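Report on the following structure.
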Amino acid sequence: MQIARTLPDLRAACAALRAARGHIALVPTMGALHAGHRALVTQAVATGAGVVTSIFVNPMQFGPNEDLSRYPRDEAGDLAQLTECGCHIAWLPDVATMYPPDDATSIEVAGPAERWEGAARPGHFRGVATVCTRLFGQVRADAAFFGEKDWQQLQVIRRVVADLLLPLGIVGVETVREPDGLALSSRNRFLTPAERALAPRLYTVLRETAAELAHGSPAAGPLARARAALEREGFQPDYFELVDGPSLTPLPAARPPARLIAAAKLGAVRLLDNIAVG
Ligand code: PAF
């Protein structure tokens, strides 16, 4: 695996990779890689594409009250995992490469970015959309792979690519879970042992509620009961909603492609999860 830290190095490595493989797939990450990221890289490699994985902790997507310096970093461990997965190029830009001093452009997304994480974390999706668009341009990727765990992020990226007519395909990859159902996340390491034991309940309640709503009955009652159950168990739910999958607008009852989305705090950790309904 080649490691590129400057744009000229990336361009040279990508040109050689494109010549060898014909097309290039990008896996954008912020590092602290786990089995969820490895699944993205493995699926990208399985397509036969040349695979570039970026590792960049993007300051633009952190709010003023979110601790960028606390974000876990493990470059050596990440590079070892990428090598093992068959990644071809690791792209590790610094902040000045991603956001040069004369930089004047950012991407503001409405629609699917407005509610939920967009409301809880103002500016977050501007940061995500801006960095991903830059990564697409830097790598000149033909496809990019994102996890369904961050469902809203995946829909925001799809919207940006469609609206700006960007010449790449976006591939969503199913959430990877611990055996007890907890969705893998780099934030899980901050759970205390007691919180870790409780955390899979979020997915259990999502599954139970999805089963209740699958046949199109009104959602308000089951959603309120789910929020109350989580609160009783010690979560602080931020939202637990039934939405239209691509647009993230609330639905009064499930109709395809409906999605249940949830964010809930457990101690200091904000857990996100989602599930298809029906
Ligand atoms: O999901 C993430 O890790 C980040 O939001 C992403 C897509 C790499 C953009 O910084």
Practice task
Check whether at least one residue in region 93-115 is within 14 Å of the ligand (Cβ to nearest atom) and either in contact with a strand residue (DSSP E or B) (Cβ under 7 Å, 6 or more places away or on another chain) or at pLDDT below 95 (or both), and report yes or no.
Solution key: no
*Is it the case that GLY137 is assigned to a helix (DSSP H, G or I), farther than 19 Å from LEU202 by Cα and small (Gly, Ala, Ser)?*
yes
Scanning region 17-30 for residues that are touching a residue at least 60 places away in the same chain (Cβ under 8 Å) and within 11 Å of the ligand (Cβ to nearest atom), the one surrounded by the most Cβ atoms within 10 Å (Cβ to Cβ) turns out to be VAL27
### Query
Would you say ALA162 is touching a helix residue (DSSP H, G or I) at 6+ places or on another chain (Cβ under 9 Å), among the hydrophobic types (A, V, I, L, M, F, W, C) and either in a loop (DSSP other than H, G, I, E, B) or farther than 18 Å from HIS37 by Cβ (or both)?
no
Practice problem: Please verify whether region 208-219 includes one or more residues that are modelled with pLDDT of 95 or more, buried (at least 21 other Cβ atoms within 10 Å of the Cβ) and of a type in the set (Asp, Glu). | Solution: no
Within region 156-181, restricting to residues that are more than 30 Å from ARG201 (Cα to Cα) and of a type in the set (A, V, I, L, M), the one that is surrounded by the most Cβ atoms within 10 Å (Cβ to Cβ) is VAL160
Reported set for region 131-168 where residues are farther than 22 Å from ASN274 by Cα and touching an Asp or Glu at 6+ places or on another chain (Cβ under 9 Å) is PRO167, LEU168
All conditions in (1) crowded, with 21+ Cβ neighbours inside 10 Å; (2) more than 16 Å from the ligand (Cβ to nearest atom) are true of THR42 except (1)
Among the residues of region 165-202, the number that are in contact (Cβ under 8 Å) with a residue 12 or more places away in the chain and assigned to a loop (DSSP other than H, G, I, E, B) is 16
Only unsatisfied item for ILE157, checking (1) closer than 27 Å to PHE240 by Cβ; (2) in contact (Cβ under 8 Å) with a residue 60 or more places away in the chain; (3) in contact with a strand residue (DSSP E or B) (Cβ under 9 Å, 6 or more places away or on another chain); (4) not hydroxyl-bearing (Ser, Thr, Tyr), is (2)
* To do: Could you check, for region 53-64, whether at least one of its residues is in a loop (DSSP other than H, G, I, E, B), away from the ligand (no atom under 16 Å from the Cβ) and at pLDDT below 95?
  => yes
Listed by first then second residue, the pairs whose first member lies in region 50-77 and is over 14 Å from ARG121 (Cα atoms), whose partner is part of a helix (DSSP H, G or I) and more than 10 Å from the ligand (Cβ to nearest atom), with beta carbons under 6 Å and at least 6 positions apart or on separate chains, are GLY50/LEU17; GLY50/ARG21; VAL51/ALA44; VAL51/VAL45; VAL52/VAL139; THR53/VAL41; THR53/LEU82; ILE55/ASP78
Condition set in contact with a Ser or Thr (Cβ under 8 Å, 6 or more places away or on another chain) and farther than 16 Å from ALA210 by Cβ, scope region 240-271, selection surrounded by the most Cβ atoms within 10 Å (Cβ to Cβ): answer is LEU271
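This table checks each residue for (1) more than 18 Å from the chain's Cα centre (by Cα); (2) within 15 Å of the ligand (Cβ to nearest atom).
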{"residue": "HIS124", "(1), (2)": "no, yes"}
{"residue": "GLN138", "(1), (2)": "yes, yes"}
{"residue": "ALA143", "(1), (2)": "no, yes"}
{"residue": "THR209", "(1), (2)": "yes, no"}
All conditions in (1) more than 16 Å from the ligand (Cβ to nearest atom); (2) at positive phi; (3) surrounded by 15 or more Cβ atoms within 10 Å (Cβ to Cβ) are true of GLY48 except (3)
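The values are calculated or read from the model by the stated rules, or taken from the named source; none is laboratory data. What you are looking at is a predicted structure, and each value in this text was computed from that prediction instead of being measured. Cβ coordinates were reconstructed from backbone atoms using ideal geometry, including for glycine residues, and neighbour counts include every protein chain displayed.
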